[in-house]
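Student: I am attaching a structure below and will ask some questions about it afterwards.
Throughout, read-outs are computed from the coordinates displayed, never taken from laboratory work. Because the structure is predicted, anything quoted here is derived from the model rather than measured. Note that each Cβ is placed from the backbone with ideal geometry, even for glycine, and that neighbours are counted across all protein chains shown.
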Amino acid sequence: MRVPDSIVDVGNSGTTLYLALAIAALGKGCSVFSGDAQIRRRSADSLLTALRGLGATAFSTRGNGCAPLVVGGPWKGGRVSLECPTSQYLSALLIAAPLAPQGTVTEIDVPLLNERPYIEMTLSYLDRQGIPYEAALDRSWFRIPGGASYTVVDGPVAGDFSSAAFPACAAIISGGSVDLLGLDPEDTQGDKALFTMLAKMGCELQWTKSGGEHRLSLRRGIRFEGAEFDLNDTPDALPALAVSACYAHGETRLVNVANARIKETDRISTMKQELQKLGARIEERPDGLVIHGGPLSGGTVNGHEDHRVVMAMAIAALGASGPVEIEGTQAASVTYPGFLDLLEAEETL
């Protein structure tokens, strides 16, 4: 692996950062990683500790686990413990470990694992590549031999359920319907579960297939009811679901999702703060939110430079009694360029 000539800037992408850190630990020299202001506030300390346990150089230049980060090889293998408040730490090691030198063995104990469906995604990729590994059924332990390699993948990539949540919830809030193309009902993405949650609240879902392409049709039901959802596996669903819950009858409880606090922002606190500006009746709990359905008013909110918060507040505006002004809308382009155009929102500078 060639060591970059300069600092690697991952922008706003935590996924890129964590995966790249593990890959850099396979090199013979050190690579330096940084990103935007949010990335420089997100700790990778647990992953850095594990990489050091595997023989790599891995440290934060500020000593707080946050970027700028310096990582380099060699990857010597061994047994490490890795707590995973985000699944991306474990995915990073699982993807990099097979590329360690022949004869190297990496064992990983996982005492804490949030967002487990995304580990199943990673393992399904290893399986398709024919990469050997051993794993406990509860995913608390892994053993991966080195000396493997990856082959080129040629084929379609399924649409992103996390992004599809926003046009889906926009249709629900506005009382209409939407057809979503490019999603795969057999995909292992964790946020696919959001659509099951919407069905539980009273939405009508139907999968069809035509010409080899799947279509998910979603329509708001006669009565849209609040419910309780465990979002530990799907923390990225919290912003869209919290906004949708404001337009549901009764109470909605989003629980067991303290991991939403370590995303681009503390999304539990941020969503409570911004929705209250629009008149929402919402309570913050250590591990989630309680939302009491009721009408939203207009007002000015802040996107906190978080793409999912920006998109959530944009769809909240669709049912509000007055106009909603969102500060910092440019953040939405991180994962969904053109989303505000899709809503025909008027963007101001």
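Student: Output the number of the condition that residue 335 fails; it satisfies all remaining conditions of (1) within 17 Å of residue 174 (Cβ to Cβ); (2) in contact with a helix residue (DSSP H, G or I) (Cβ under 9 Å, 6 or more places away or on another chain); (3) surrounded by fewer than 24 Cβ atoms within 10 Å (Cβ to Cβ).
Tutor: (1) is the only condition that residue 335 fails.
Student: Still on this structure: Of the residues 26, 17, 21, which is buried (at least 18 other Cβ atoms within 10 Å of the Cβ) and over 20 Å from the mean Cα position of the chain (by Cα)? Reasoning before the result, please.
Tutor: Working: 17 fails: over 20 Å from the mean Cα position of the chain (by Cα); 21 fails: over 20 Å from the mean Cα position of the chain (by Cα).
None of the other options fit; the residue is 26.
Student: Do you know which residues across segment 56-84 are on the phi < 0 side of the Ramachandran plot and touching a residue at least 40 places away in the same chain (Cβ under 8 Å)? So that I can check it myself, show each step before the final result.
Tutor: Here is the first cut: in segment 56-84, the ones on the phi < 0 side of the Ramachandran plot are 56-62, 64, 66-76, 79-84.
Scanning segment 56-84 gives 67, 68, 69, 70, 71, 72, 73, 74, 75.
One line per residue, one yes/no per condition, for (1) surrounded by 17 or more Cβ atoms within 10 Å (Cβ to Cβ); (2) within 23 Å of the chain's Cα centre (by Cα):
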{"site": "152", "(1), (2)": "no, no"}
{"site": "161", "(1), (2)": "yes, yes"}
{"site": "171", "(1), (2)": "yes, yes"}
{"site": "185", "(1), (2)": "no, yes"}
{"site": "196", "(1), (2)": "no, yes"}
{"site": "201", "(1), (2)": "yes, yes"}
{"site": "206", "(1), (2)": "no, no"}
{"site": "213", "(1), (2)": "no, no"}
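Student: Residues of segment 40-73 being of a type in the set (Gly, Ala, Ser) and not in a helix (DSSP H, G or I), which ones? Break it down into steps so the answer makes sense when it comes.
Tutor: Step one: list which residues in segment 40-73 are of a type in the set (Gly, Ala, Ser), which gives 43-44, 46, 50, 53, 55-56, 58, 60, 63, 65, 67, 72-73.
The answer is 43, 44, 55, 56, 58, 60, 63, 65, 67, 72, 73.
Student: Here is a follow-up. Taking segment 18-35, which residues are in contact (Cβ under 8 Å) with a residue 40 or more places away in the chain and either in contact with an Asp or Glu (Cβ under 9 Å, 6 or more places away or on another chain) or over 19 Å from residue 108 (Cβ atoms) (or both)?
Tutor: Within segment 18-35, 27, 28, 29, 30, 31 meet the criteria.
Student: Can you confirm whether residue 220 is touching a residue at least 24 places away in the same chain (Cβ under 8 Å) and either buried (at least 20 other Cβ atoms within 10 Å of the Cβ) or of a type in the set (S, T, N, Q) (or both)?
Tutor: Answer is yes for this residue.
Student: State all residues of segment 87-109 that are surrounded by fewer than 23 Cβ atoms within 10 Å (Cβ to Cβ) and assigned to a loop (DSSP other than H, G, I, E, B); if no residue qualifies, say none.
Tutor: Residues satisfying the conditions are 101, 102, 103, 104.
Student: Turning to a different aspect of this structure: Restricting to segment 221-237, count the residues that are among the aromatic types (Phe, Trp, Tyr) and within 19 Å of residue 178 (Cβ to Cβ).
Tutor: The initial filter retains those residues of segment 221-237 that are among the aromatic types (Phe, Trp, Tyr), namely 224, 229.
Narrowing further to those that are within 19 Å of residue 178 (Cβ to Cβ): 224.
The number of residues fulfilling the criteria is 1.
Student: Go through segment 281-323 and give me each residue that's in a strand (DSSP E or B) and over 23 Å from residue 161 (Cβ atoms).
Tutor: Initially, segment 281-323 is screened for residues in a strand (DSSP E or B), giving 281-285, 288-292, 299-302.
Across segment 281-323, the qualifying residues are 281, 282, 283, 284, 285, 290, 292, 299, 300, 301, 302.
Student: Looking only at segment 276-308, count every residue that is within 10 Å of residue 243 (Cβ to Cβ) and touching a residue at least 60 places away in the same chain (Cβ under 8 Å) and tell me the total.
Tutor: 1
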